[in-house]
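J.: So that we are looking at the same thing, I have put the structure below in C-alpha cells.
The values are calculated or read from the model by the stated rules, or taken from the named source; none is laboratory data. Since the structure is predicted, the reported quantities are computational estimates derived from the model, not experimental observations. Methodologically, a virtual Cβ is constructed for each residue, glycine included, from the backbone with ideal geometry; neighbour enumeration extends over all protein chains shown.
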Amino acid sequence: MRRYFGRKLLLYGLTFFVAATIDWLIPRFMPGDPVRSMLARAPQRSPAAVEAMTNYYNALFGLDVPLWQQYLNFWGSLLQGDLGVSTWLPGQPVTDILVRRIPYSLAVLLPAVLLSWWAGNRFGAFAARKRWLDNTVLPIGYILRATPEMWLGILLVWILGIQLNIFPIAGAYAFSLSPNWTSPVFLRSVFLHWLLPFASLFIVMFGGWAIGMRNLIIYEFESDYSRYLQAIGAPQRLIRRYAFRNAVLPQITGLALQLGVIVAGAVVTEIVFAYPGLGLTIYQAIINNDYFLLQGAFLFIIVGVLVANFCIDIAYVLVDPRTRTGMQGGTA
Amino acid sequence: MSREIRHPEGPPGVPTTSNAPVVDAAVAAPLADSGAAVLGPKRKRNEVVYFALRNSKFLLGMVVLLLYVIIGIVGPRFTDHAPYEYVGPSNEAPGSEFWLGTTTFGQDVYTQVVLGLGSTFAVGLLGGGLATLLGMAIGFTAGYRGGWIDEVLSMLTNIVLTIPQLAALIIVAAYLQVRGVIIEGVLIGLFGWPWIARAIRAQTFTLRTREFVDLARLSGVGTAKIIRREIAPNMSSYLVLVLILSFGGAILTGAFLEFLGLGPTDAVTLGTMMNHAVSWSALQLGLWWWFVPPGLVITMIVSALYFMNVGLDEVFNPKLRKT
C-alpha cells in the first residue's frame with residue numbers, strides 16, 4: 001500500500017511541477033507580449049510614457065532579470081502563496097481573490113459530483129435489468145452526455161428563471177441582501193441561487209454515470225462468477241449485489257479520470273448563472289486580460305484536481321481490499 | 001505501471017466513464033478480428049457494412065450526422081450575408097426573410113449557424129484526428145517497446161491526463177491574440193491524446209507477446225512495420241471507435257473554449273454564438289432563436305456520434321449484438 005501511495009504522490013508531485021512550469025512558460029514564450037497588450041488599453045499614447053510604463057511593468061513583474069532567475073523567483077513566490085497582483089481588481093492579490101471565490105465553486109461542485117455519481121450508479125444498475133427502462137434510459141443518457149453544460153444552463157435560466165420566473169438567474173444570493181448566515185431569508189436566497197447551477201451539472205453528469213454503470217453491470221452479469229452463482233441457484237439479489245460492488249470500482253477510477261471534464265463543465269456553468277466561483281473569475285479574467293488572475297486560477301484548479309485525485313485514491317483503497325494487501329488492483 | 005486492461009477510460013469531453021461499450025470492443029475485437037481475417041479482408045468489410053446497415057443506432061446517428069454535414073456544405077449557399085454583417089432589423093423573430101431570426105445587432109442567425117457548423121466540424125476533425133494520431137503514436141510506442149520508454153511515456157501520459165484539458169487550453173488560448181479555427185483544433189488535439197494513448201498502450205501490451213507478432217519479429221521485420229502490419233490491424237475496429245469519440249469530445253471542448261470567448265477571432269462558431277447571446281442578454285430579451293439553435297446543433301451532432309459509436313461497437317463485437 002505504501003508503494004501504491006508512493007507512486008501516486010510522485011505522479012501528483014510531477015504533475016504539479018509540470019503544470020506550474022507550463023504556467024510560467026506560456027506568458028514568456030507565446031507570441032505577443034502581455035505587457036504590451038496590457039499597455040494597449042492604457043490611455044497614454046506618447047512613446048516616452050509607453051517606454052516608462054513598459055519598464056515599470058517589466059520590473060514589477062520581474063521580467064528584467066535573466067530567465068533562469070525568473071524561474072527561480074517564480075517558484076520562490078509560488079511556495080509562499082504569492083501569485084501576483086490582479087490587474088482587473090487593481091491592488092488585490094490574486095491568491096486572496098481566488099480563495100474568496102473557491103467556497104462557491106465547491107458548494108456547487110461537490111454535491112453535484114457526489115450526488116450524481118451515487119444516483120447515477122444506482123439508477124444505471126437498476127436500469128440494466130429492466131428492458132423497457134434500458135431502452136429509454138440509454139438514448140436519453142447518451143443525449144445528456146452530449147449536451148454542453150452551458151446550453152443546458154442557458155435553457156434552465158431561460159425557461160425556469162425568465163419565462164416562469166421561479167428561480168433567480170444570477171449571483172449567489174439576491175443583490176438586495178447582505179450576507180448573514182443566520183437569517184432565513186438570506187439562506188433561502190442562497191439555496192434558490194444555488195439550485196439551478198447545481199441541477200445543470202447534476203443532470204449532465206447523472207446521464208454519464210448511469211450509462212457507465214448500466215454497461216458495467218451487464219458486463220459483470222456475463223462474467224464467470226455471475227454465471228456460476230446463477231448455476232448454483234443463488235438468489236438474484238445476491239448476484240446483483242456482487243455485480244454492483246465489482247462494477248463500482250471502475251466507476252471510482254472513472255471519477256478520477258473525469259475530473260478534468262467536470263471542471264470544464266463547472267466553469268461554463270458558473271458563467272451562465274453568473275455564479276461567483278472560480279469559473280466566473282476565469283471568465284472575468286479573460287475579458288479583462290488579467291493574466292495573473294488567469295494563471296493563478298489555473299494553478300488553483302490543478303491543486304484542486306490533485307487533491308481530489310488523492311481523495312479518490314484513498315476511497316479506492318477503502319473500497320478495494322486488494323490494494324490494501326498489495327496484491328493487485330488500483331490503476332496506477 | 002500496472003493497470004487494468006479491462007477498463008480503458010472514457011474520452012474527455014464526455015462526462016462519464018464510458019468504459020463498457022468501448023471495453024467490450026477492446027476485449028473482444030482482437031479475437032473477433034483475427035477470426036474474421038481468415039475470411040479475407042474483402043469478405044470482412046462486407047460483413048461490417050452488412051451489420052452496420054442493419055443497426056438502427058448506427059443508422060440513426062449516421063443520418064443525423066450526414067444531415068448536418070450537408071447543411072454545413074449547402075447551407076451557406078442560401079445566404080448572401082457575412083456572419084457579423086448588420087443586415088436587418090434587430091431582434092427579429094424567425095420568419096420568411098430571416099429563417100432563424102436576427103440578433104440584437106441585426107445579424108442573421110441562420111448565416112451564423114450554417115457557417116458555425118463548418119467551424120465545428122473543422123475543429124472536431126482536426127482536434128479529434130490529431131488527438132487520435134498522437135495517442136496512437138505514444139500508445140503504440142509505449143506498449144510495444146516497454147521498458148524505460150514505456151515508463152517515461154506512461155508518466156507523461158498520466159501527467160497530461162491529470163491536468164484538466166480545458167484549464168490548460170484556457171491559459172494557452174488567452175495568450176494568443178489571433179486565433180483561427182485551425183489553431184483551435186490543433187490546440188485541442190495537443191491536449192486531448194492521453195486517454196487514447198493509455199487505452200492503446202494497454203491493448204498493445206497484450207498483443208505484443210502473441211505468436212504472430214513474435215513470428216514477424218523473428219523474421220526480421222522492423223518495429224514500425226510490425227506495429228503497422230501486425231498490431232494496428234488487430235485493433236482497427238477499436239481505433240475507429242476512438243476516432244469517433246475523440247471527434248465528439250473535440251467538438252464539446254471547442255464549444256467550451258468558444259463559450260469562454262476564446263474561440264477563433266476570424267470565424268463564427270457555435271460556442272461563440274452562445275457566448276454572444278449570453279453577453280448581450282438574449283435570455284432576458286427572450287431571443288430564443290439566438291441561443292437555442294447553436295446548442296441544439298452541438299448536442300445533436302455529438303449525440304449522433306455517440307449513437308454511431310454504440311452501434312458500431314455492436315457491429316464489431318458480435319457478443320453485444322444479441323442483447
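J.: Please identify the pairs in which a residue from segment A:82-104 that is without any contact (Cβ under 8 Å) to a residue 24 or more places away in the chain and on the phi > 0 side of the Ramachandran plot has its Cβ atom under 6 Å from the Cβ atom of a residue that is crowded, with 18+ Cβ neighbours inside 10 Å and of a type in the set (Asp, Glu), counting only partners at least 6 apart or on another chain.
T.: none
J.: Same structure, new question: Can you find even one residue in segment A:30-38 that is closer than 21 Å to A:Leu72 by Cα, modelled with pLDDT under 75 and either part of a helix (DSSP H, G or I) or of a type in the set (Gly, Ala, Ser) (or both)?
T.: yes
J.: Kindly indicate which of A:Trp117, A:Trp151 is among the hydrophobic types (A, V, I, L, M, F, W, C) and without any contact (Cβ under 8 Å) to a residue 40 or more places away in the chain.
T.: A:Trp151
J.: Scan segment A:229-236 and give yes if some residue there is at pLDDT 90 or above, more than 8 Å from chain B (Cβ to nearest Cβ) and in a helix (DSSP H, G or I), otherwise no.
T.: There is at least one residue in segment A:229-236 that is at pLDDT 90 or above, more than 8 Å from chain B (Cβ to nearest Cβ) and in a helix (DSSP H, G or I).
J.: In segment A:129-172, how many residues are within 22 Å of the chain's Cα centre (by Cα), among the aromatic types (Phe, Trp, Tyr) and more than 8 Å from every other protein chain (Cβ to nearest Cβ)?
T.: The total comes to 0.
J.: Shifting gears a bit: If you take the residues of segment B:114-167 that are more than 20 Å from B:Thr253 (Cβ to Cβ) and of a type in the set (Phe, Trp, Tyr), which of them is nearest to the chain's Cα centre (by Cα)?
T.: Top of the filtered list is B:Phe140.
J.: Go through A:Phe186, A:Phe198 for me and flag whichever is crowded, with 20+ Cβ neighbours inside 10 Å and away from chain B (no Cβ under 14 Å).
T.: Just one listed residue meets the conditions, A:Phe198.
J.: Using the structure shown, decide if A:Ala274 is within 12 Å of chain B (Cβ to nearest Cβ), over 19 Å from A:Asp313 (Cβ atoms) and among the small types (Gly, Ala, Ser).
T.: yes
J.: What is the number of the single condition among (1) within 11 Å of another protein chain (Cβ to nearest Cβ); (2) of a type in the set (D, E, K, R); (3) surrounded by fewer than 21 Cβ atoms within 10 Å (Cβ to Cβ) that A:Asp290 does not meet?
T.: Only one criterion is unmet by A:Asp290, namely (3).
J.: Also: Test A:Ile302 against the stated conditions and say whether it is surrounded by 24 or more Cβ atoms within 10 Å (Cβ to Cβ) and either at the interface with chain B (Cβ under 9 Å from one of its Cβ atoms) or in contact with a Lys or Arg (Cβ under 6 Å, 6 or more places away or on another chain) (or both).
T.: yes
J.: Now, a different point. Whether any residue in segment B:55-66 is touching a Ser or Thr at 6+ places or on another chain (Cβ under 9 Å) and at pLDDT below 75 is what I want to check.
T.: Looking for residues that are touching a Ser or Thr at 6+ places or on another chain (Cβ under 9 Å) and at pLDDT below 75, one finds none in segment B:55-66, hence no.
J.: For segment B:64-87, which residues satisfy the criterion of being within 17 Å of B:Ile244 (Cβ to Cβ) and in contact (Cβ under 8 Å) with a residue 12 or more places away in the chain?
T.: Passing the criteria: B:Val64, B:Leu65, B:Tyr68, B:Val69.
J.: When the residues of segment A:146-183 are narrowed to those that are among the aromatic types (Phe, Trp, Tyr) and part of a loop (DSSP other than H, G, I, E, B), which ends up surrounded by the most Cβ atoms within 10 Å (Cβ to Cβ)?
T.: A:Tyr173
J.: Any idea which residue in segment B:161-206 is farthest from the other protein chains (Cβ to nearest Cβ), counting only those that are closer than 13 Å to B:Leu257 by Cβ and among the charged types (D, E, K, R)?
T.: Result: B:Glu184.
J.: Additional query: Among the residues of segment B:203-260, count how many are closer than 30 Å to A:Val272 by Cα and surrounded by fewer than 17 Cβ atoms within 10 Å (Cβ to Cβ).
T.: 0
J.: To continue, here is another question. Within segment B:258-299, how many residues turn out to be of a type in the set (A, V, I, L, M, F, W, C), within 8 Å of chain A (Cβ to nearest Cβ) and under 30 Å from A:Leu138 (Cα atoms)?
T.: Adding up the residues that qualify gives 7.
J.: Here is a further query. For segment A:227-244, give me each residue that is within 19 Å of A:Arg122 (Cα to Cα) and touching a residue at least 12 places away in the same chain (Cβ under 8 Å).
T.: A:Ile239, A:Arg240, A:Tyr242, A:Ala243, A:Phe244, listed by residue number.
J.: Which count do you get for residues in segment B:256-274 that are touching a Phe, Trp or Tyr at 6+ places or on another chain (Cβ under 8 Å) and over 21 Å from B:Glu85 (Cα atoms)?
T.: The total comes to 1.
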